[in-house]
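Engineer: Below is the structure I would like to discuss, written out as structure tokens.
The values are calculated or read from the model by the stated rules, or taken from the named source; none is laboratory data. Since we're looking at a predicted model, the values are computed, not measured. Backbone-built Cβ (ideal geometry, glycine too); neighbour counts: all protein chains shown. What goes into the accessible areas is simple: the full protein's heavy atoms, side chains included, and nothing from ligands, DNA or RNA. Shrake-Rupley method; radii C 1.70, N 1.55, O 1.52, S 1.80 Å.
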Amino acid sequence: QVQLVESGGGLVQPGGSLRLSCLASGNIFSINDMGWYRQAPGKQRELVAVLSGRGSTDYADSVKGRFTISRDATKNTIFLQMNSLKPEDTAVYYCRISWAQYASWGQGTQVTVSS
């Protein structure tokens, strides 16, 4: 059974930074992609950043230049470095891993950007 556990969320002032982590455990092989998604109150869940199994990345236009997705394969951990945070970045952030024909989601971590 694969489990994903996010951490690193919290309250930050506009312009601040946070680093989210997603620790994966279990038998994961043939990774298709790893990604971060977010869902704000009253809105649909949206893709924030994705890292393919081959190492390519893609970002939502709203976070390009501010967020960076990365991976430490030795620690089975995915990161999302978030800089220059804005109030509109406030949401629950989820990590997701797609491997073989499977996919798993984490439980989410709250990010609140407010003064």
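Engineer: What is the residue count in the range 80-104 for residues that are part of a strand (DSSP E or B), hydrophobic (A, V, I, L, M, F, W, C) and loosely packed, with under 15 Cβ neighbours inside 10 Å? Can you show your working first?
Structural biologist: Residues of the range 80-104 that are part of a strand (DSSP E or B), as a first pass: 80-82, 91-99, 102-104.
If we keep only those that are hydrophobic (A, V, I, L, M, F, W, C) as well, we get 80, 82, 91-92, 95, 97, 99, 103.
Then keep just the ones that are loosely packed, with under 15 Cβ neighbours inside 10 Å; that gives 103.
Summing the residues that are part of a strand (DSSP E or B), hydrophobic (A, V, I, L, M, F, W, C) and loosely packed, with under 15 Cβ neighbours inside 10 Å in the range 80-104 gives 1.
Engineer: Can you name the residue in the range 1-53 that is assigned to a loop (DSSP other than H, G, I, E, B) and of a type in the set (A, V, I, L, M, F, W, C) and, of all such residues, is most open to solvent (accessible area, probe 1.4 Å)? Reasoning before the result, please.
Structural biologist: The initial filter retains those residues of the range 1-53 that are assigned to a loop (DSSP other than H, G, I, E, B), namely 1-2, 8-9, 13-17, 26-30, 40-45, 53.
Going one step further and asking which of them are of a type in the set (A, V, I, L, M, F, W, C), we end up with 2, 28-29, 40.
On the way: VAL2: 26, ILE28: 46, PHE29: 91, ALA40: 24 Å².
The extreme case among them is PHE29.
Engineer: Kindly list the number of the only condition in (1) of a type in the set (S, T, N, Q); (2) at pLDDT 95 or above; (3) out of contact with any strand residue (DSSP E or B) (no Cβ under 7 Å at 6 or more places or on another chain); (4) within 20 Å of VAL5 (Cβ to Cβ) that fails for THR74.
Structural biologist: All conditions are met except number (2).
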